[in-house]
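The values are calculated or read from the model by the stated rules, or taken from the named source; none is laboratory data. Computed from a predicted model, the values in this text were never measured in an experiment. Virtual Cβ from ideal backbone geometry, glycine too; neighbours counted across all protein chains shown.
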Amino acid sequence: MAHKLLGQDFIPHDVVAKVTGEAKFAEDFRVEGMVFARLLSSPYPHARVKGIDLSAAEKVPGYVGVLLPKDVKNPEAPEIPLLTEEPGYIGAPILLLAAESETAAQDALEKVRVDYEPLAFHVDPLASLHPDRPDARTDGNVGATGVKFQTLKWTKADFDKGDHDKRMPAGKAAQEWTYGDVDAAFAKAKYVLDETFVHASNSHHSMEPRTAMAYWQNGKCIVHVSSQSQSFITPALAGLIGIPPTDLVLIAEYCGGGFGSKGGAYPLQALPALLSKKINRPVMMRISRAEEYFHGSARLGFQGQVKLGFAEDGKLLAADLYVIQENGACQSFWDFRNAADGLSILYQPEAMRWRGMPVYANSPIRSAQRGPGYNQMCHIMEPLLDKAARELKIDRLAIRLKNGPGLNAPFGAQRETVSSCYLKEALEKGAGIFGWEERLKRNGQRNGSKVTAVAVGQAFHPAGFFGFDGLLRILPTGKVHIHTGVGNLGTFSHSSTSRIAAEVLKLDWADVVIERGDSRRNLPWNIGQFGSNTNFTMARTNYVAAMDALSKLKEIAAKRFGGSAENYDVDGRRVFRKGTGTGMTYGDAAKQAIILGGKYDGHELPMDINPMTQLSATAIAGTGLVGVAKDNLPMNGAAAAFAAAFIEIEMDLETGRYVIQDYVGVADCGTVIHPAGLETQIKSGAVQGFGVAGLERIVYDPQNGLPASVGFYQAKPPTYGDVARRFRVAGVDLPDPSSPLGTKGIGEPLLGCAGSVLLCAISEALGGHVFNRTPVVADMILNHLAGRPQAHGPLQVNCQ
Amino acid sequence: MLKDMMPHFDLYQPDTLEAALDLAANLGEEGWLVGGGQDSWDWLKNRTKRTRAVIELSGIPALKGVRSDGEGMQIGALTTLTEIENDPQVRERFGLLAAAAGRVASPQIRNAGTLGGNISQDTRCWYYRAGVDCYRAGGNTCYADTPAGQNREHAIFNASRCVAVTPSDTAGALTALDASMVIARRGGERVVPAAKFFVDPAVNIRRMTVLDPGEILTAVRIPPNWADGEGRQVKFYFEKVADRAAWDFALLSIAAAFRMDGDKISEARVVLGAAACVPHRLRKVERALAGASRNSETADIVATLESAAARTLGFNQFKVPLMENLIRRAVRGA
């Protein structure tokens, strides 16, 4: 079906606003009487605060007040505390101090005397499971969403079974599942791999630090925050502040990047509001670039073991995966579970066992980072798949096509299926663009000290949810206001998914006004902008709202001009009778809706919509024709996004450095909704993947817990010189049947396929050597080429 | 932890060198000299180092620009790295320096950063930058030289209690070119060869250069003896290996100059950056190269001459094979 708007480029309002400076981020706002606040953070990786002396700080000119741990109600452990008296990492917030200027606040902060009792700590989750080693917390060492918070140590005998980097010690898991007969499947295998692995943590590097400003007015708490999400975080943030969601005014129109770390509500968003209430002044808490590396968050790191059994034809028969996850000091994400789902769907083993162990460590809080768990897994698996292909003498593309998921592939322990998968199509399309067969002739070619390597990689991530609400209204002016509460991560998908509604109503884009970014704009209950879900989830909500509006338009026309609603159609901002063309403009229909009242103008609402949507719809009732509905559309499997990538690198074997000569990224993202947005996503995801695979990692001195990666130049996100010299992108452009117009998400696997393909290419350049460690950095390559042992210990993490 | 919040200080912005020298003399250790600020602002913002006053030198025209008398060259200390990278005279005659300047950090930093700042900057040892009480900071330990220290970037030569390295890309090139530093003070001036300008920790563990309070580095002089062009047979080689293509400090760099006599090397300068606290001349290599052909065979012969002298730490053993490879590449010419 040809679309009017879908598949067409457009310039979202964001672009103009960001270029002109019109866009205002949280730290750009000022309110009369506003004070500035600074955080006092722990200098110890684990300590107990025995006393806080403010006497000298209070004498600093400009001092206004302070928010202490005793002033706040922290969420139940091990959730991230607002302020803490038992900091679990260097940088953990202990108090928030306000002054008339930011400099004065920092000056006063330096006068605060805190009496710390240092406690035992660790930055190695695996080692900490030894019965003689300390834990990161005093109240438990293992836990995650879906896993009981508990103390779970392994025995000395468990550790005795380990064999350095050949075999990871493995005791009782906190969570596990199995499907199929794993032992029998391994018994059938022609080739078995059994390897340890490490995947480093790396910072999110959000360009906009997590600044927040808040004040109270007429019983409402107004907060300006840096957030990927809008409506979705309102209940949780209100809970942190201690108010009903209806008393929270949430302003988050622009977000300078989050990559998952700002998807949900987080404690720093609440602190200015709490201090503001205490001192009765508006409070700006600006988080600096340096502080972001302490108060921000990071991808969850892995230590683990994976055993794979392949048939002679390359089919993966069996997989046995054990993942130890570094949680950081507090509750974090469930990457360790996602990793298992990721392995099961991408490679479709006949039988699989997974064991997981989420362990707390004295390192900063972790949160989802673009492809949480799924991307770590493909970074680990893809080079091993190539290793199997080499051993079995199978083409590396062919082994992926052999094992790749089909259209409705099953995954995980429950063997759920996906709504659509076109990974094989993506691989084939990418192979065609890249010229895989021809390029293979270049693989291994030497040019002096340089060697050329080509590789293929792939990745998966879920791509959508369901059950949220859509809301729009047609005004008497004829303009259509689409209310979207999804948030603004910076991908423009608040607008691109609104185009679904515009498509249904056959609107010109100029007739559409997007209402977003401020809860006072009457926003519906929508999912947050995370997890590659927006294009699927919000396509459905905007579709159902538009379909509701369409029905009402037709009903109003039928009431006016006779016949039944089915006799009417829409186009050109008019609803008209098929055949005769008799009808009215959208603006006139909106006026009629106001006259009719009831369901037409929002005075009567569906019973199944969320209370937030009810409030918003009620607030706009009587202003036009209101389209509002909950997404009750059928789901035929879980929404899933896949991506394939091809790469050519030239590695200098004397320096360990490489240049990415060519990169092709192909997305299985359903119907392409916004080509320019897709291109940007594929390229930016690739750049981020290059960084995770080859550059970025968190580093600590295990002797004192000091963090080494606390700035852009230390944490090493890729630079302009590290991107591919030639970049090509494509979409499979096949519709997902569970999405009304075929769209689904894509953001996350675009990182994973790029990271994977780069790791595979590095391995290929080194004659097939697999490091089983991400990132692979220059010194690892040099040590390998020189025949020297690697500097890091077996399964050592958080190190250089 | 890092504060990232600029503290109060008195700001002086003199527009003549004389005024700046007066201020430097009067303020002594309490007067912090700032050129491009790419090192200074980090220290001050993070409040790991403090000062009562800042003397900001960017308004002094006499400290900027490249001047050549047809023989040697004098480069004002506040000449930006971008200007040096693009200066036709520098590129033609001292391409080694132009190449090194062009590999510093990123274009934005090169636009602001100066030659004087690049060679005077403090070490980037992450422990020291984090504000710990190490030897260099006046304490009595080195955090990096420990069994589990994270010392991938640290020294393999001439460490003495402190194992930090020089972060400067241009310092090695200037050392190879036999450059001297012009240092002014109220009522006088001294000219210090590069070999003596940079300070080993064994000499003084608290400073990277010989600059004393009250002194200002005003210029860098490069003598003509290593100038390229005009029939001289001089070949240069500069290479910096870093994790990223831009922005990073070197894991290791090499700056080499070869005076050629036909296809033979008559004299060589080979200097490593990020290998020691100061630019590290590979004198054994230099001696071995005298009279040798500049080819792969020679490269292989000399590549390992310095390896036995290297003292590696837990995470920087890779610097030894990397050094050997960089020597090979310099001698081979790629």
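Among what's in the range B:265-300 and is without any contact (Cβ under 8 Å) to a residue 60 or more places away in the chain and closer than 17 Å to B:PHE157 by Cα, pick the residue that is farthest from the other protein chains (Cβ to nearest Cβ).
B:ARG283
Does B:ALA303 fit the bill of being more than 11 Å from chain A (Cβ to nearest Cβ), more than 20 Å from the chain's Cα centre (by Cα) and more than 17 Å from B:GLY172 (Cα to Cα)?
It is false that B:ALA303 is more than 11 Å from chain A (Cβ to nearest Cβ), more than 20 Å from the chain's Cα centre (by Cα) and more than 17 Å from B:GLY172 (Cα to Cα).
I'm trying to understand the selection: among the residues of the range B:32-48, which are assigned to a loop (DSSP other than H, G, I, E, B) and more than 14 Å from chain A (Cβ to nearest Cβ)?
Keep residues of the range B:32-48 that are assigned to a loop (DSSP other than H, G, I, E, B), which gives B:35-39, B:46-48.
Selection gives B:GLY35, B:GLY36, B:GLY37.
Could you give me the residue pairs with C-beta distances under 7 Å whose first residue belongs to the range A:576-599 and is over 20 Å from A:ALA619 (Cα atoms) and part of a loop (DSSP other than H, G, I, E, B), whose second residue is of a type in the set (Asp, Glu) and modelled with pLDDT of 95 or more wherever it lies, and which are 6+ apart or on separate chains?
Every condition considered, the pairs that remain are A:LYS578/A:ASP569.
Counting only residues that are in contact (Cβ under 8 Å) with a residue 12 or more places away in the chain and either of a type in the set (A, V, I, L, M) or surrounded by 20 or more Cβ atoms within 10 Å (Cβ to Cβ) (or both), how many does the range A:1-13 have?
To start, the set of residues in the range A:1-13 that are in contact (Cβ under 8 Å) with a residue 12 or more places away in the chain comprises A:3-10, A:12-13.
Cutting the leftovers down to either of a type in the set (A, V, I, L, M) or surrounded by 20 or more Cβ atoms within 10 Å (Cβ to Cβ) (or both) gives us A:5-6, A:12.
Within the range A:1-13, residues that are in contact (Cβ under 8 Å) with a residue 12 or more places away in the chain and either of a type in the set (A, V, I, L, M) or surrounded by 20 or more Cβ atoms within 10 Å (Cβ to Cβ) (or both) number 3.
Specify the residue that is nearest to the other protein chains (Cβ to nearest Cβ); the eligible residues are those in the range A:612-660 that are of a type in the set (S, T, N, Q), under 22 Å from A:LEU472 (Cβ atoms) and in contact with a helix residue (DSSP H, G or I) (Cβ under 8 Å, 6 or more places away or on another chain). Spell out the reasoning first.
Taking the range A:612-660 as the starting set, the residues that turn out to be of a type in the set (S, T, N, Q) are A:613-614, A:616, A:618, A:623, A:632, A:636, A:655.
Checking which are under 22 Å from A:LEU472 (Cβ atoms) leaves us with A:613-614, A:616, A:618, A:623, A:632.
Still in the running and in contact with a helix residue (DSSP H, G or I) (Cβ under 8 Å, 6 or more places away or on another chain): A:623, A:632.
On the way: A:THR623: 46, A:ASN632: 49 Å.
Among them, the one singled out is A:THR623.
Of all residues in the range A:350-372, how many are over 18 Å from A:PHE197 (Cβ atoms), out of contact with any Lys or Arg (no Cβ under 6 Å at 6 or more places or on another chain) and assigned to a loop (DSSP other than H, G, I, E, B)?
8
Among the helices (runs of 4 or more DSSP H) confined wholly to the range A:387-450, which include 1 or more residues that are farther than 30 Å from A:GLU654 by Cα and either among the β-branched types (Val, Ile, Thr) or modelled with pLDDT of 95 or more (or both)? Reasoning before the result, please.
Values: elements: A:396-403, A:423-434, A:436-439.
By residue number, A:396-403, A:423-434.
Out of the range A:695-752, which residues are in contact with a Leu (Cβ under 8 Å, 6 or more places away or on another chain), more than 8 Å from chain B (Cβ to nearest Cβ) and not small (Gly, Ala, Ser)?
Hits for the range A:695-752 are A:PRO717, A:VAL729, A:PRO735, A:PRO740, A:LEU741, A:THR743, A:ILE746.
Within the range A:206-221, restricting attention to residues that are touching a His at 6+ places or on another chain (Cβ under 8 Å) and among the aliphatic types (A, V, I, L, M), which residue is nearest to A:GLY257 (Cα to Cα)?
Here the residue is A:ALA212.
To keep it simple, each residue is scored yes or no on (1) at negative phi; (2) in contact with a Cys (Cβ under 8 Å, 6 or more places away or on another chain); (3) part of a loop (DSSP other than H, G, I, E, B); (4) surrounded by fewer than 23 Cβ atoms within 10 Å (Cβ to Cβ).
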{"residue": "A:VAL192", "(1), (2), (3), (4)": "yes, no, no, yes"}
{"residue": "A:GLU195", "(1), (2), (3), (4)": "yes, no, no, yes"}
{"residue": "A:HIS205", "(1), (2), (3), (4)": "no, no, yes, yes"}
{"residue": "A:ARG210", "(1), (2), (3), (4)": "yes, no, yes, no"}
{"residue": "A:HIS224", "(1), (2), (3), (4)": "yes, no, no, no"}
{"residue": "A:ILE233", "(1), (2), (3), (4)": "yes, no, no, no"}
{"residue": "A:LEU240", "(1), (2), (3), (4)": "yes, no, no, no"}
{"residue": "A:GLU253", "(1), (2), (3), (4)": "yes, no, yes, yes"}
{"residue": "A:LYS262", "(1), (2), (3), (4)": "yes, yes, yes, no"}
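Kindly indicate whether B:GLU239 is surrounded by fewer than 24 Cβ atoms within 10 Å (Cβ to Cβ) and more than 14 Å from chain A (Cβ to nearest Cβ). Full working, then the answer.
Values: surrounded by fewer than 24 Cβ atoms within 10 Å (Cβ to Cβ): yes; more than 14 Å from chain A (Cβ to nearest Cβ): no.
Against the criterion (surrounded by fewer than 24 Cβ atoms within 10 Å (Cβ to Cβ) and more than 14 Å from chain A (Cβ to nearest Cβ)), B:GLU239 does not qualify.
Could you say which residue among B:GLU71, B:GLU29, B:GLU18 is more than 14 Å from chain A (Cβ to nearest Cβ), surrounded by fewer than 19 Cβ atoms within 10 Å (Cβ to Cβ), of a type outside the set (S, T, N, Q) and outside any helix (DSSP H, G or I)? Spell out the reasoning first.
Numbers: B:GLU29 fails: outside any helix (DSSP H, G or I); B:GLU18 fails: outside any helix (DSSP H, G or I).
Testing whether each residue is more than 14 Å from chain A (Cβ to nearest Cβ), surrounded by fewer than 19 Cβ atoms within 10 Å (Cβ to Cβ), of a type outside the set (S, T, N, Q) and outside any helix (DSSP H, G or I) leaves just B:GLU71.
Limited to the range A:527-543, what total is found for residues that are aromatic (Phe, Trp, Tyr) and either at pLDDT below 95 or farther than 17 Å from A:ASN636 by Cβ (or both)? Can you show your working first?
Just the residues of the range A:527-543 that are aromatic (Phe, Trp, Tyr), to begin with: A:530, A:536, A:543.
Applying the additional criterion that residues be either at pLDDT below 95 or farther than 17 Å from A:ASN636 by Cβ (or both) yields A:530.
Number satisfying all stated conditions: 1.
Residue by residue through the range B:112-161, note down the ones that are aromatic (Phe, Trp, Tyr) and touching a residue at least 24 places away in the same chain (Cβ under 8 Å).
First, pick out the residues of the range B:112-161 that are aromatic (Phe, Trp, Tyr): B:126-128, B:135, B:143, B:157.
Passing the criteria: B:TRP126, B:TYR128, B:TYR135, B:PHE157.
Which numbered condition in (1) under 24 Å from the mean Cα position of the chain (by Cα); (2) closer than 23 Å to A:LEU96 by Cα; (3) assigned to a loop (DSSP other than H, G, I, E, B) is the only one that A:GLN228 fails?
Status for A:GLN228: all satisfied but (2).
Return the residues of the range B:1-33 that are aliphatic (A, V, I, L, M), more than 28 Å from A:GLN106 (Cβ to Cβ) and more than 26 Å from the chain's Cα centre (by Cα); say none if nothing qualifies.
If the condition is that a residue be aliphatic (A, V, I, L, M), more than 28 Å from A:GLN106 (Cβ to Cβ) and more than 26 Å from the chain's Cα centre (by Cα), then B:ALA19 is the only one that fits.
Give the number of residues within the range B:110-160 that are hydroxyl-bearing (Ser, Thr, Tyr) and over 20 Å from B:ASN46 (Cα atoms). Can you show your working first?
Going residue by residue through the range B:110-160, those that are hydroxyl-bearing (Ser, Thr, Tyr) are B:114, B:120, B:123, B:127-128, B:135, B:141, B:143, B:146, B:160.
Checking the rest, the ones that are also over 20 Å from B:ASN46 (Cα atoms) come to B:114, B:141, B:146, B:160.
Selection size over the range B:110-160: 4.
Which of the strands (runs of 3 or more DSSP E) contained wholly in the range A:461-559 include at least 2 residues that are free of Cβ contacts under 8 Å to residues at least 60 places away in the same chain and within 24 Å of A:LYS591 (Cα to Cα)?
Numbers: elements: A:469-474, A:480-483, A:512-515.
By residue number, A:512-515.
Give the residue that is nearest to the other protein chains (Cβ to nearest Cβ), with candidates limited to residues of the range A:35-57 that are over 30 Å from A:PRO702 (Cβ atoms) and not aromatic (Phe, Trp, Tyr).
Of all residues in the range A:35-57, those over 30 Å from A:PRO702 (Cβ atoms) come to A:35-37, A:53-57.
Narrowing further to those that are not aromatic (Phe, Trp, Tyr): A:35, A:37, A:53-57.
On the way: A:VAL35: 15, A:ALA37: 12, A:ASP53: 19, A:LEU54: 18, A:SER55: 21, A:ALA56: 16, A:ALA57: 15 Å.
Only one residue fits best here, namely A:ALA37.
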